């Protein structure tokens, strides 16, 4: 991941509602969520959710797939993994053992 893409991702999740939506989608896993379910779970107007989901999609951190009348949104695991790798690439001056608790936790939760 290059710096420009990483900045776009951080800008997308750097807003409270979008971060909450990202977390909701991450918890939903492969099943994903519709905008209506996200709106209901976060007590937001559907128009707000749609606006913020477009920002998350533009960053590449999530994607939507049409299912009949609805669009189901899911996290883009590859993009999330690349963002984490970008953050930790030079972690602890190359001593990955210093970052290992966080890395192990990430690896465990992403499997």
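None of the figures in this text is laboratory data; all of them are computed from the coordinates on show. Small disclaimer: the values here were computed from a predicted structure and weren't measured. Note that we place each Cβ from the backbone using ideal geometry, even for glycine, and neighbour counts take in every protein chain shown.
This ranking places 57, 67 by how few other beta-carbon atoms lie within 10 Å of each, fewest first, which gives 67, 57. Expressed in Å, the radius of gyration and Dmax of the Cα atoms of region 3-109 are 15.1, 50.
Annotation: extensible slack from residue 2 through residue 20 equals 4.0 nm (criterion: 0.36 nm per residue apart, minus Cα-Cα distance). Gaussian network model of the chain, Cα springs within a sub-10 Å range: biggest mean-square fluctuation belongs to which of 71, 38, 13? Residue with maximal mean-square fluctuation among 71, 38, 13: 71.
Angle, helix 3-13 long axis vs. longest principal axis of the chain, Cα atoms, 0 to 90°, nearest 10? Tilt of helix 3-13: around 50 degrees. Once the Cα atoms are used to define both axes, helix 96-109 deviates from the longest principal axis of the chain by about 30 degrees. Relative to the longest principal axis of the Cα atoms of the chain, the long axis of helix 77-88 lies at roughly 40 degrees.
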